[in-house]
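**Student:** This is the structure I want to talk about, given as structure tokens.
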Amino acid sequence: MQADFDRDTYAALLEAKLQPWRIRATLAFAGVYQITHELIKEAVIDEVRSFYCNGFNEAGMTYDDAGYEAAVLALDPKKRKMRASLLWLVHGGAITAQQADRLDAIYAHRHDLTHELGKYIVDPAFEPDMQLFTDAVEILREILRFWTRMEIDLGSFEQFGDVDPDEVTPGRLLLLQLCIDAYVEGLKQEASADGEAGR
């Protein structure tokens, strides 16, 4: 990728890329992105599976395995839990087919950030994808809104009266917001420190 830049441009870009604050920002972004992806996996795979919980015994939760197999896993010819669960959520109106497909790119970027993080730190040709992150957060919000709606319909919030799912903030979103706020605050502090140093 270095060949895309002339020597002087590449040297300037590399020097900027290797500034400690830029490295910290890239590492922080990778961490927040990873957390977001794990929360999506939990909201998709674990929550859809939990929907087919039919009770408890001494070993823990019990499931309607036949129902899960027929209604969820059968949606994907390869029986991949993530893809099948996403299709189940699409059929349930939680997200669109386009959003489900977008998660392929979101996952690929998570994989790259995790296993090829070094290139995002030292190679000017590679930057973390903020649009994919924004899309991931939006998809997570939609999925969690769907599960909140299900909880409302089941009566889990009836002691609070009429509840709008948009007024409920799941704990997972609170956790993610804390991480995002910390990331943004770090960027602001770095910008402020740079401004002070430049005076």
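**Student:** Examine the stretch 77-94 for a residue that is within 21 Å of D129 (Cβ to Cβ) and out of contact with any Lys or Arg (no Cβ under 8 Å at 6 or more places or on another chain), and state whether such a residue exists.
**Tutor:** For the stretch 77-94, residues within 21 Å of D129 (Cβ to Cβ) and out of contact with any Lys or Arg (no Cβ under 8 Å at 6 or more places or on another chain): present.
**Student:** OK, next. Among all residue pairs at least 6 apart or on different chains, which show Cβ distances below 9 Å where the first residue, located in the stretch 186-198, is modelled with pLDDT of 80 or more and of a type in the set (G, A, S) and the second is exposed (fewer than 11 other Cβ atoms within 10 Å of the Cβ) and in a helix (DSSP H, G or I)?
**Tutor:** Every condition considered, no pair remains.
**Student:** Could you list, in sequence order, the residues of the stretch 25-59 that are in contact with a Phe, Trp or Tyr (Cβ under 6 Å, 6 or more places away or on another chain) and in a helix (DSSP H, G or I)?
**Tutor:** Across the stretch 25-59, the qualifying residues are T26, A28, V32, Y33, E47, V48.
**Student:** Please go through the stretch 98-144 and give me each residue that is among the basic types (K, R) and free of Cβ contacts under 8 Å to residues at least 24 places away in the same chain, ordered by number.
**Tutor:** K119
**Student:** Ok, one more. Looking at this structure, is I106 of a type in the set (V, I, T) and under 14 Å from the mean Cα position of the chain (by Cα)?
**Tutor:** Judged against the criteria, I106 is a match.
**Student:** Right, another one. Select, from A108, A66, A59, A70, the only residue that is of a type in the set (G, A, S) and closer than 17 Å to L140 by Cα.
**Tutor:** A108
**Student:** Report the residue count in the stretch 60-69 for those that are assigned to a strand (DSSP E or B) and within 26 Å of I95 (Cβ to Cβ).
**Tutor:** Total satisfying the criteria: 2.
The values are calculated or read from the model by the stated rules, or taken from the named source; none is laboratory data. Fair warning: this is a prediction, and the values are worked out from it, not measured in the lab. Cβ atoms come from the backbone with ideal geometry, glycine included; neighbour counts cover every protein chain shown.
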